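Remarks on the structure that follows.
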Amino acid sequence: MTLNDALTGVNDHARAALPPEIFEVLEADRRRAAGTKFAEVGDKIEDFELPGADGEPTRLAELVADGPAVLVFYRGQWCPYCNLTLRTYQQEVVPELQKYGAKLVAVSPQRPDGAVPVEGLDFPVLSDAGSTVARGLGLSYPVSAPVREAMETLGTDLEEVNGTWELVHPAVVVLDRERVIRYLDVHPDFVTRTEPSDILEAVKSL
């Protein structure tokens, strides 16, 4: 089973579990036009420093010091699609990256004290509160009023979790040692994600 097959299963479960009017709002959000120009392959990312869930800061320059870096942007620990994706990357991507001297980090707009999505991850989970880094890549966007109402009904208050009603498009960015984007895969449809094999192929090609 591919990652996206498994994510479709999660969405099917949500369809059965959520009130129909709530699910339809979230489904409509999947079909929303991105409306933003994303960064492109060949762009160089400015160095940044973000705090981890443990409060310890991580600099991008450190991540690429010895090899490529894989940045995984996700929506937050409240997102079941994100949690499944990160668990899959832990199992299928992280062990293979060691062969190429590459490192993987996950980045979300959540505050540092709520940034750890699942247990058992042995890669850094960083907090981009305010979406400064994500916005620079074109990944950040404001949550629409209908989606905000649906999320609040489900008990997710992004104002409390993130400090703002802003989300990021799930994305995988592969950088070389000069912080140049060599692979970029953005998913405005938040149910779909980058397959592990595609990440590994991008790293292997460097």
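Only the coordinates and a few stated rules stand behind these numbers; no lab work does. Here the structure is a predicted model, which means the values were calculated and not measured. Cβ: placed from backbone, ideal geometry, glycine included. Neighbour counts: every protein chain shown.
When you look at R75, is it in a loop (DSSP other than H, G, I, E, B), of a type in the set (K, R) and touching a helix residue (DSSP H, G or I) at 6+ places or on another chain (Cβ under 8 Å), yes or no? Steps first, please.
Numbers: in a loop (DSSP other than H, G, I, E, B): yes; of a type in the set (K, R): yes; touching a helix residue (DSSP H, G or I) at 6+ places or on another chain (Cβ under 8 Å): yes.
When the stated conditions are applied, R75 passes them.
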Practice item. Look through L18, L50, L3, L60 and report the one residue that is of a type in the set (A, V, I, L, M, F, W, C) and over 18 Å from the mean Cα position of the chain (by Cα). Key: L18
Review point. Name the pairs whose Cβ atoms lie under 9 Å apart, with the first residue in the range 67-89 and within 17 Å of V174 (Cα to Cα), the second in a helix (DSSP H, G or I) and of a type in the set (S, T, N, Q), and 6 or more positions between them or separate chains?
Key: V72/T85; Y74/N83; Y74/T85
Practice item. Residue by residue through the range 86-103, note down the ones that are part of a helix (DSSP H, G or I) and either of a type in the set (D, E) or farther than 19 Å from R75 by Cβ (or both). Key: Q91, E92, V94, P95, E96, L97, Q98, K99, Y100
Exercise for review: State which residue is nearest to the chain's Cα centre (by Cα) when the search covers only the range 148-166 and only residues that are surrounded by 14 or more Cβ atoms within 10 Å (Cβ to Cβ) and part of a loop (DSSP other than H, G, I, E, B).
Suggested key: N162
Exercise for review: Please identify the pairs in which a residue from the range 189-203 that is more than 13 Å from V72 (Cα to Cα) has its Cβ atom under 7 Å from the Cβ atom of a residue that is outside any loop (DSSP other than H, G, I, E, B) and among the hydrophobic types (A, V, I, L, M, F, W, C), counting only partners at least 6 apart or on another chain.
Suggested key: V191/L7; T192/L7; A202/V174; V203/V70; V203/L97; V203/V174
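So which residues in the range 41-95 are of a type in the set (F, W, Y) and under 22 Å from S205 (Cα atoms)?
F73, Y89
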